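To keep things clear, I will list the structure first and then write my remarks on it.
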There are 2 protein chains.
Amino acid sequence: MTATASTPSAPHPGSPLPNDLEIARAATLRPIAQIAEEVGIPEDALELYGRYKAKIDVGRLPDADRHGQVVLVTAISPTPAGEGKSTLTVGLADSLARAGKRTMIAIREPSLGPILGMKGGATGGGKSQVLPMEDINLHFTGDFHAITAANNALCALIDNHIFQGNALGIDPRRVTFKRVMDMNDRSLRQIVIGLGGAAQGVPREAGFDITVASEVMAVFCLASSVTDLKERLGRITFGYTYDRRPLTVAELGAGGVMAMLLKDAIKPNLVQTIAGTPALVHGGPFANIAHGCNSALATTTARRLADIVVTEAGFGADLGAEKFLDIKSRAADVAPSAVVVVATVRALKMHGGVAVDALKTPDVGALERGFANLARHVENVRKFGLEPVVAVNAFVSDAPEELDAVVRLCREAGVRVAVADVWGRGGGGDGGDDLAREVLAALEHPGTAHPLYPLELSVEEKILTVVREVYRGAAVEFSEAATKTLKQVHDNGWDGFPVCMAKTQYSFSDDPSLLGAPEGFIVHVRELWPRTGAGFIVAVTGSLMTMPGLPKVPAAMRMDLDEDGQVVGLF
Amino acid sequence: MTATASTPSAPHPGSPLPNDLEIARAATLRPIAQIAEEVGIPEDALELYGRYKAKIDVGRLPDADRHGQVVLVTAISPTPAGEGKSTLTVGLADSLARAGKRTMIAIREPSLGPILGMKGGATGGGKSQVLPMEDINLHFTGDFHAITAANNALCALIDNHIFQGNALGIDPRRVTFKRVMDMNDRSLRQIVIGLGGAAQGVPREAGFDITVASEVMAVFCLASSVTDLKERLGRITFGYTYDRRPLTVAELGAGGVMAMLLKDAIKPNLVQTIAGTPALVHGGPFANIAHGCNSALATTTARRLADIVVTEAGFGADLGAEKFLDIKSRAADVAPSAVVVVATVRALKMHGGVAVDALKTPDVGALERGFANLARHVENVRKFGLEPVVAVNAFVSDAPEELDAVVRLCREAGVRVAVADVWGRGGGGDGGDDLAREVLAALEHPGTAHPLYPLELSVEEKILTVVREVYRGAAVEFSEAATKTLKQVHDNGWDGFPVCMAKTQYSFSDDPSLLGAPEGFIVHVRELWPRTGAGFIVAVTGSLMTMPGLPKVPAAMRMDLDEDGQVVGLF
């Protein structure tokens, strides 16, 4: 999950800070129909969900003459200090709008599970939020529930098929597709189902993932149209026969009902920022076992409506940006023209060896050491043909000499840089003006984005290319299981898919404790998970959590509904 | 689940009938905002969900001077022949509106599980449907998903509490509250969770029910306000300590987040019929282990907006009407002024001994024998202080002499009766004019509804009263387990709750094969399930399915989404 800013900047350092929910409540929203009209969405393409949310029926949009430039916001390797990438994405778009540019945001929908667990809300922060935050953070327009239903309808049909005679010969021990729930519920990770005798199904080992980890979510976010959605759903491999032949959703005949259950969800959601900038908030796959960015349809729709589209990729640039360019940009017309790499003084100091509880003490030396992490992400972005802009997201605790040092280091490295205060002053205020200027300058000379590797390479070679070129590892070690699956991938004709690296977000390596800019390490590929519907092969390194658990005191415990029906404790 | 008409009446018997989806598609809908305005809902109390659905923020409605009369639609004991109760409810309301009465409908939302299983759509049929049927039958406004999330958030918090040290001393073997999914998924009925070692939770036996069987659904449908909702959620007993003390949601501290997750769902949904009559479609608890009718808030809201509210109760009058008067009417201001008992020639013949495949042959003798079932339901309704009206729902296969016979038998029994053709001609046409006339005449002299038993009786006595007075059984036999729970109910101070009978809908007895009007039988109470949040004690007779399974060829297999994003196969 994305780390969010924990101690953001504020106008009066030291004063009790208003929380995000309070700031969001104080904002005045305009009717979303009015926002839509300004963006050029015809009334009959707009489906209102209350006064401040709407879905866009993309098929009813006029043919576009616009083809907005995409600005991809990514970050250094995340740390517990928080980078505030979503906050910066929102703030940057507000600043670009303030500079007179026709701007739209395309970002992910938050997942309910983590919100009830650790995170509280996940729609930006401070003065850079998308609204209405209570709705977006809870059920929003029901997209994740629809994805859950489509996923679980498939599971019910699979187990019913086995129960009703198993004409396809599904091996119950080799059903790879799992049920999902948008909840942090560790007890459902490993379960045995179908107990209770012959009338209750066929017992087998199974499990639940969180909804954002569903392949249906990845398919949903990569589909370029309803037709493409149906085709991708049909291509999902849900398991294997007793003689190990892969079985697809199309063979089971379940693709139609799954698409039907997604008929409204697939329409992008329009909301607004505190500053009134239009935002498409749509889809939200995991950034480890999937590609970690909003739906392709939201991004392409935003390009039809705006001149600049600010979008975001999950985790650091080694994961999010790489997948954006090697997976999403191959599937849809979303190639970025500029890339913003978010860094914070706090996080750079952690990469320089400072412990999380010592971050408040100014330490330019540590910051200079930690800069190596940022420098490498900058170099990596250039490998995709793009020129990065570094955004330093200012925090209350940052010392002026520290901020100056980051700017100096960036200038020395020949990369555009600006300090932004999007939390405290907001992009709607002047908090992101400098950054907007740098981004606009970068967009004057847009790069030509290209993927890192050609699809013709073998899966093994693709993984090695990412490890060497982006992570700077020395080699890849495949486990016995992964080696076996490599052969299976080849035998099944799945060599042509790009790879989706599932690696810790905290390090370039697969060891989360190796901060900064390590090199020469070995990356261990433990398993390969073919995702033939989404269209990538997940390479699992290290341990991987696809169903999070709740902490000792979940955020849910402070949440409530007051007598007026207002949400309490969602921050 | 409610049986629906399988071979309804149509203008041209023998011609290929259009299916419900085709009829629904051919209808012209008016913008729901316009319908709302006509009903007197102020704009700021209306939250649109697309063009044809809206939620009503009840707190923003003006103080009502209206207090509409409630017409409760119930039925004879259902048979596989189908009674078409929902269709008749919609058609009757359309006819009352056509007669110039300010009428509103309050009915249940359909559950997705059965729709993907056996039923197809469940929003009325023919010309008597609520629209848009595709949306209402699928995710609608997300209410059931919100209820699922609230239910499962509680479950995740329970298992997390056990995992994190179990300060409350929850006995993992005595967690009675189950996870839910709105899916027919038999493999989830009995499962073992928390497997995989110490980091993955505490192993225990568990299971999933279908969402409509959740106590959260029952609570949702009985709550009279947000405050009442929170109190009821807090009172839910989710399990027991090692020393068998009941544990409530309030003790765990999970009531707040559950209420928060229901903040929008609790607002009634406004839609329209094919004829343009406003309908509140909201909530939908099981009719066996719960009370089986739409939310109290929908019914009371409709009373504030209309002079006549047509509402429906699940299954036959022995279950639905009894629970409406003994459970729902005690919790909310919804007491009916008249009761419509739906019967069909086909179903009466089945009660008279005709097999389902011989129903097309006219058989007045069988019909006269089967009339005993209807006659008893009529008598029963009178025991609640209400005067019934019999509605004969006409089917294509009904012979004129059969229809005449039912009318004659009703007149001989001194009960109002009318034949209605709500499927073929519709209530918006003249298909329900006669019925509307009879209902209006009944409303001129409304009864004074009262419950069957006082709450002061013991739970055992309450059950016996229902069995003797309504079912006409001779006695009740409590299993050893039920006897034990009776004592526990008493010890825990739960004697004051009404009882919620979970009995087969097909017979007055607990034996589904005893059709007609059996008497002198013994009712076997197998288990008692205290539902302290909903506020009733479920008495389980016979076997009970709280998670349905899918048939060999699920309805889902014919469902699809076409290239234009239109639903296919939902009928």
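Key figures
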{"item": "Using alpha-carbon coordinates, inclination of helix B:226-235 to the longest axis of chain B, degrees", "result": "50"}
{"item": "Spatially proximal aspartates and glutamates relative to A:Lys487 (Cα-Cα < 12 Å; intrachain offsets below 8 disregarded)", "result": "A:Glu460, A:Asp495"}
{"item": "Peptides B:270-280, A:312-322 ordered by average Cβ neighbours within 10 Å, highest first", "result": "A:312-322, B:270-280"}
{"item": "Rounded to the nearest 20 debye, dipole of segment B:143-261 from Cβ charges on Lys, Arg, Asp, Glu", "result": "280"}
{"item": "Position B:Gly197, label points 7 Å along Cα→Cβ, spacing to each other copy in nm (shortest first, one decimal)", "result": "3.6"}
{"item": "Label point 7 Å beyond Cα along the C-beta direction, distances from A:Asn492 to other copies (nm, shortest first)", "result": "4.8"}
{"item": "10 Å Cβ neighbours from other chains, averaged over peptide B:489-498", "result": "0"}
{"item": "Cross-link partners of A:Lys383 among aspartates and glutamates (Cα-Cα below 13 Å; sequence separation of 8 or more within a chain)", "result": "A:Asp318, A:Glu322, A:Asp326, A:Glu469"}
{"item": "Spacing of the two label points (7 Å from each Cα toward its C-beta) at A:Leu61 and B:Asp63, in nm", "result": "4.9"}
{"item": "Label geometry 7 Å along the beta-carbon vector: A:Met118 inter-copy distances in nm", "result": "4.6"}
{"item": "Table column - 3J(HN,Hα) (Hz), segment A:376-391, Karplus curve with 6.51, -1.76, 1.60, x for Gly and Pro", "result": "5, 4, 4, 4, 5, 4, 5, 5, 9, x, 10, 9, x, 10, 8, 10"}
{"item": "Simple label model, 7 Å out from Cα along Cβ direction - A:Glu527 to B:Glu469, nm", "result": "5.9"}
{"item": "Pairs from A:Lys119/A:Lys178; B:Lys349/B:Lys503; A:Lys53/A:Lys323; B:Lys55/B:Lys328; A:Lys484/B:Lys552; A:Lys349/A:Lys552 whose Cα-Cα separation, in the structure shown, is over 31 Å", "result": "A:Lys484/B:Lys552"}
{"item": "Efficiency of FRET between A:Glu22 and B:Arg382 - r from beta-carbon atoms, R0 60 angstrom, step 0.05", "result": "0.55"}
{"item": "Partner aspartates and glutamates for B:Lys360 [C-alpha distance under 14 Å; skip if fewer than 8 residues away on the same chain]", "result": "B:Asp398, B:Glu401, B:Glu402"}
{"item": "Antiparallel content of DSSP bridges confined to the protein assembly as shown, in %, to 5", "result": "45"}
{"item": "Angle in degrees between helix B:296-305 and the longest Cα principal axis of chain B, rounded to the nearest 10", "result": "40"}
{"item": "Long-range HN-HN contacts of B:Ala54 with modeled amide H, under 5 Å", "result": "B:Tyr49, B:Leu270"}
{"item": "DSSP-defined antiparallel bridges as percent of all bridges, chain B, nearest 5", "result": "45"}
{"item": "Length-normalised contact order for segment B:459-541 - Cα pairs under 8 Å, 6+ apart - percent", "result": "36"}
{"item": "For A:265-271, mean number of other protein chain Cβ atoms within 10 Å", "result": "1"}
{"item": "Leading residue at positive end of dipole, segment A:376-518 (Cβ point charges), from A:Gly385, A:Ala413, A:Gly428", "result": "A:Gly385"}
{"item": "Magnitude of the charge dipole, the protein assembly as shown, Cβ model with Lys/Arg +1 and Asp/Glu -1, debye to 20", "result": "1120"}
{"item": "Other-chain or far-sequence residues with amide H under 5 Å of A:Gln69's (modelled H)", "result": "A:Ile308, A:Val309"}
{"item": "Sorted by Cβ density within 10 Å, fewest first, the residues A:Ser187, B:Ser329", "result": "B:Ser329, A:Ser187"}
{"item": "Label zone at B:Arg102, where the point sits 7 Å out along the Cα-to-Cβ direction: segment B:263-280 residues whose backbone N lies under 19 Å", "result": "B:270-273, B:276-280"}
{"item": "Dipole in debye (nearest 20) - segment A:470-552, about Cα centre, beta carbon charges: Lys, Arg +1; Asp, Glu -1", "result": "240"}
{"item": "Estimated FRET transfer efficiency (B:Ala199, A:His450; beta-carbon r; R0 41 Å; 0.05)", "result": "0.45"}
{"item": "Cleavage-rule hits (chymotrypsin sites (Phe, Trp or Tyr not before Pro)) in segment A:228-289: DSSP loop, at most 15 neighbouring Cβ within 10 angstrom", "result": "A:Tyr242"}
{"item": "Spin-label pair A:Ser543/A:Leu168, simplified geometry with 7 Å Cα→Cβ offset, distance in nm", "result": "3.3"}
{"item": "Amide proton proximity set for B:Phe521, modelled H, under 5 Å, gap of 5+", "result": "B:Ala474"}
{"item": "Per-residue mean of C-beta atoms belonging to partner chains within 10 Å, peptide A:126-138", "result": "1"}
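Coordinate-derived values only; no laboratory data. Owing to the predicted nature of the structure, the values given are computational and were not obtained by experimental measurement. Cβ: placed from backbone, ideal geometry, glycine included. Neighbour counts: every protein chain shown.
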